[in-house]
Amino acid sequence: MAPPDDPKALPEWGEAYLGWLATQRRAAGHTLDSYRGDLLALCRLAEARPPESLGTHDIRRFVARLHAEGLGGRSIARRLSAWRGLFNWLVRHRGLPANPAEGVRPPRAPRRLPKALTPDQAAALLDTQPVDGALGLRDRAMFELLYSSGLRVAELAALNLDAAHELGEGMLTVTGKRSKTRTVPVGGKALEALRAWLEVRPTLACVDETALFVSRQGARLSTAAVRTRLARWARESGLGVHVHPHMLRHSFASHVLQSSGDLRAVQELLGHASIQSTQVYTHLDFQHLAKVYDAAHPRARKRGGA
């Protein structure tokens, strides 16, 4: 199973599978390179044994060895996915009786928490005076809104001008993941910044542009541009911390939860489908979250009762 000479060469079945991916699935070059690395790892672990001789117990042993070698859960999951694809192809095209990688799971990867700004850091960032004229007013409005309402960067970029109609009531309706809409409050500082931006928006926006936030060219601002502008704003503020949109969202969730202890409210504001998702945005353990939930929600299941 191990290639004889070229360290990047695979046995015939491996090269044939990559060829099938290239021609039938039209896999990109970098994707094929990634698959090649995953298949070479399989060859190394199998120690020259052919694929038809491998069983589920072998694949589990390979996963354990990769984990012992220090490979992370996400990387092992990707490697397993490549192996499953290979074995499925061998079943369909080479008569392999079964897929030995089916049902094998990688070790659970730890969920990494995004970093949050302290309230003082958030204030220092957002109190920075804009220096780029209309673009600076736009940037301040965007960043105030990200922190004020806990928006995802894609939700911010997708906002249309008609969203401004709700601002008089201090509310905003956004479309989140899976096209679900939610209404979020907008704080006073964000409202002030948005009104300042709306006054100068016509100097930048194309006549028929519907986006709330537009680029220097007058078209809808991309999520990548929002990230770039926020990183630049943070540098110019002298904060000394790399700031990205998700950090503002996490800071919003952390600060609201720390102040209110209202898990359900934070869950709704973030647009999360489950409390477990909200847990990722907090520094609290799930047992504490469950207690807050039980105390706050009238239809929560009471633990310890009948």
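Readers should treat all values here as calculations from the given coordinates under stated rules, not as data from a laboratory. Just so we're clear, the structure is a prediction, and the values are computed from it rather than from any experiment. FYI the Cβ positions are ideal-geometry reconstructions off the backbone, even for glycines, and counts take in every protein chain you see.
Laid out as a table, the results:
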quantity: Footprinting exposure proxy for Val174, Val91 (fewest neighbouring C-beta atoms within 10 Å first); calculated: Val91, Val174
quantity: Cα gyration tensor shape of the range 20-66, rounded if a/c is under 1.5, else prolate or oblate by comparing a/b with b/c; calculated: prolate
quantity: Least to most buried among Val200, Val63 (fewest other Cβ within 10 Å first); calculated: Val200, Val63
quantity: Relative exposure of Val184, Val104, judged by other C-beta atoms within 10 Å (fewest first); calculated: Val104, Val184
